[in-house]
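Please read the structure below before turning to the comments.
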Amino acid sequence: MSHEQQVVVVTGASAGVGRAVAVAFASRGAKVALLARGETGLRGAAADVEAAGGQALVVPTDVSDADAVEAAAARVEAELGEIDVWVNAAFSSVFAPVHEVTADEYRRVTEVAYLGFVHGTLAALRRMKARDRGTVVQIGSSLAYRGVPLQSAYCAAKHAIQGFTESLRVGLLHEGSNVHVTMVRLPALNTPQFSWVLSRLPKQAQPVPPIYQPEVAARAVVFAADHPRRREYWVGGSTVGTLLGNAVAPGLLDRYLARTGYDAQQTPDDAPSDAPSNLWEPADGPDGRDFGTHGLFDDRAADRSPQVWASQHHGVLGAVAAAVPALALAARALRRR
């Protein structure tokens with residue numbers, strides 16, 4: 001199928017990574033369904049998709065509501081056609097030490113950031129399995145393996161998504177299904193979450209450097225959707241370092257994060273007293289602000305990642321690495337002549 005005929009669903013599409021992903025697919029001419037709660041952000045995302053050359057369908061949806069997600073999927077297929085790719089990107093969270101997060105807040109983050117992925121995946125599977133084709137892309141994080149301070153609710157949700165996705169992948173393999181699921185693990189990104197996630201920190205929340213622009217993630221997601229047989233993709237050198245460090249020396253990483261994790265997630269500036277929160281209601285409601293794709297850290301964010309290219313072309317790099325000894329031997333032989 002050509003890219004122009006693709007039907008793509010993106011949750012969390014009103015801002016940040018979800019919006020960047022929607023635009024990336026639209027730049028290839030795809031038909032993109034935009035699911036999120038924030039109506040202002042959805043209108044802005046639809047305008048971005050149309051400007052990029054795609055066709056947009058706005059479907060206001062709270063992904064914590066399974067029936068609403070199912071209804072959204074039915075509407076997408078009725079208006080755009082059969083869904084080819086479903087990208088789960090929606091989330092909310094709380095920046096605070098564990099003891100400052102309430103039980104209701106943990107429940108709400110779980111409903112959105114974990115069960116929202118489950119609901120989206122189930123809605124996609126009901127359609128894709130019947131046709132024996134389609135791809136689900138889960139937006140993951142190195143924090144699915146490595147918990148960090150001040151983000152316990154988010155880390156727990158990402159850990160849950162990891163387990164859910166692995167179980168699903170094995171089940172699809174057992175069935176010999178042509179439906180695929182893959183994960184894209186993201187680093188710290190310059191998205192609006194640091195302006196609208198509920199925060200009890202004394203200072204302005206920030207991504208832990210190095211910081212990447214959301215378009216870096218979006219390009220990786222599109223590549224993953226095109227090559228879904230890989231179980232996961234790692235984006236950014238910091239993601240690789242975190243995952244490998246946690247595998248080799250998790251206790252040492254505990255101590256390092258205990259020493260640096262609080263300060264690294266806050267700027268020197270005081271947290272705004274009037275900052276919005278999107279935990280219970282969208283920060284970009286009908287008359288709200290369109291937060292867009294980027295956050296507050298454009299001056300510190302990279303728009304390229306050599307590691308992403310390496311991850312996507314590991315076969316080429318492996319062939320080059322294997323060829324190096326042979327080339328060295330040939331060079332020595334030539335010098336002897």
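The values are calculated or read from the model by the stated rules, or taken from the named source; none is laboratory data. What you see is a predicted model; the values in this text were computed from it and never measured. Cβ atoms come from the backbone with ideal geometry, glycine included; neighbour counts cover every protein chain shown.
Just a few scattered comments:
- Qualifying residue in segment 231-239 (condition: under 24 Å from Pro187 (Cβ atoms) and surrounded by fewer than 16 Cβ atoms within 10 Å (Cβ to Cβ)): yes
- Residues of segment 254-265 satisfying the condition of being farther than 18 Å from Ser141 by Cα and without any contact (Cβ under 8 Å) to a residue 24 or more places away in the chain: Arg255, Tyr256, Arg259, Thr260, Asp263
- Among the residues of segment 20-71, the one identified as touching a Pro at 6+ places or on another chain (Cβ under 6 Å) and among the basic types (Lys, Arg) is Arg37.
- Options Ser273, Ser199, Ser195; residue that is over 15 Å from Pro149 (Cβ atoms), small (Gly, Ala, Ser) and touching a Phe, Trp or Tyr at 6+ places or on another chain (Cβ under 9 Å): Ser195
- With respect to the conditions (1) within 21 Å of Glu70 (Cα to Cα); (2) buried (at least 24 other Cβ atoms within 10 Å of the Cβ), Gly16 lacks only one, and its number is (1).
- Residue in segment 284-296 that is modelled with pLDDT of 95 or more, assigned to a helix (DSSP H, G or I), within 23 Å of Ala188 (Cβ to Cβ) and in the same structural domain as Ala13 (by TED's automatic domain parsing) present: no
- Entirely in segment 1-108, the helices (runs of 4 or more DSSP H) that have 1 or more residues that are modelled with pLDDT under 95 and assigned by TED's automatic domain parsing to the domain that holds Ala123: 39-52
- Condition check for Gly251: within 22 Å of the chain's Cα centre (by Cα) and free of Cβ contacts under 8 Å to residues at least 24 places away in the same chain: no
- Candidate set from segment 22-49 (those that are among the aliphatic types (A, V, I, L, M) and within 14 Å of His294 (Cβ to Cβ)); member that is surrounded by the fewest Cβ atoms within 10 Å (Cβ to Cβ): Val23
- Residue in segment 136-159 that is closer than 16 Å to Ile83 by Cα and of a type in the set (Val, Ile, Thr) present: yes
- Residue list for segment 199-245, filter: within 23 Å of Leu172 (Cα to Cα) and among the charged types (D, E, K, R): Asp226, Arg229, Arg230, Arg231, Glu232
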